[in-house]
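**Q** Dropping a structure here in structure tokens format, bear with me for questions.
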Amino acid sequence: MDDSPACADSGTDAQHVDSARQRLLDVQIAGLLAETFKALADPTRVQILSALFGGELCVGELAATLDMSISAVSHQLGLLRHLRIIKHRREGRHIYYTLDDEHIATLFRCGLEHVQHS
């Protein structure tokens with residue numbers, strides 16, 4: 001018995017194909033979504049998000065939390081900001097970071113639930 005996931009050309013259903021094409025993401029949107037997931041593919045960036053999940057922190061606080069240099073944390077924060085995963089606000093000489101919006105919090109929470117699910 002063949003367990004191959006491919007279906008034979010003669011077995012395709014034109015309605016299924018049309019329906020799938022209607023759900024297909026625009027190439028630009030697919031690229032942006034892939035970039036978001038790529039940003040979350042790094043354990044350090046995921047740890048940063050887990051720290052920010054509880055509220056805002058400044059770079060120094062994040063560096064101390066992760067036991068990393070401020071420079072290394074700043075580099076990761078720049079990438080996360082560029083992709084709109086986190087946002088920042090300035091207060092005097094300090095810059096505080098938070099998750100960008102509830103979508104990111106939901107994405108993080110759902111991913112975490114998925115990996116912790118047995």
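**Q** Taking the stated definitions as given, is residue 40 touching a Phe, Trp or Tyr at 6+ places or on another chain (Cβ under 9 Å), of a type in the set (A, V, I, L, M, F, W, C) and modelled with pLDDT under 95?
**A** yes
**Q** Further question on the same structure: Residue check, residue 69 against (1) closer than 27 Å to residue 106 by Cα; (2) at pLDDT 95 or above, all met but one. Which one?
**A** Going through the list (1) closer than 27 Å to residue 106 by Cα; (2) at pLDDT 95 or above, residue 69 breaks only (1).
**Q** Regarding residue 118, is this residue surrounded by fewer than 14 Cβ atoms within 10 Å (Cβ to Cβ) and of a type in the set (Gly, Ala, Ser)?
**A** Yes; evaluated as a whole, the condition is true for this residue.
**Q** What pairs come out if I take residues in the range 51-64 that are under 13 Å from residue 105 (Cα atoms) and pair them with residues that are surrounded by 16 or more Cβ atoms within 10 Å (Cβ to Cβ) and among the basic types (Lys, Arg) whose C-beta lies under 7 Å away, six or more apart or interchain?
**A** none
**Q** Sticking with this one: For the range 8-57, which helices (runs of 4 or more DSSP H) that fit wholly inside it have 1 or more residues that are loosely packed, with under 10 Cβ neighbours inside 10 Å and among the hydroxyl-bearing types (Ser, Thr, Tyr)?
**A** none
**Q** While we're on this one: What about residue 82, is it within 11 Å of the chain's Cα centre (by Cα), surrounded by fewer than 14 Cβ atoms within 10 Å (Cβ to Cβ) and modelled with pLDDT under 95?
**A** Considered against the rule, which asks whether it is within 11 Å of the chain's Cα centre (by Cα), surrounded by fewer than 14 Cβ atoms within 10 Å (Cβ to Cβ) and modelled with pLDDT under 95, residue 82 comes out as no.
**Q** Which residues, counting only those in the range 58-102, are of a type in the set (Ser, Thr, Tyr) and either assigned to a helix (DSSP H, G or I) or on the phi > 0 side of the Ramachandran plot (or both)?
**A** The answer is 65, 71, 74.
The values are calculated or read from the model by the stated rules, or taken from the named source; none is laboratory data. Note that the structure is predicted; figures quoted are calculated from it, not measured. Every residue, glycine among them, receives a Cβ derived from its backbone with ideal geometry; neighbour counts consider all protein chains shown.
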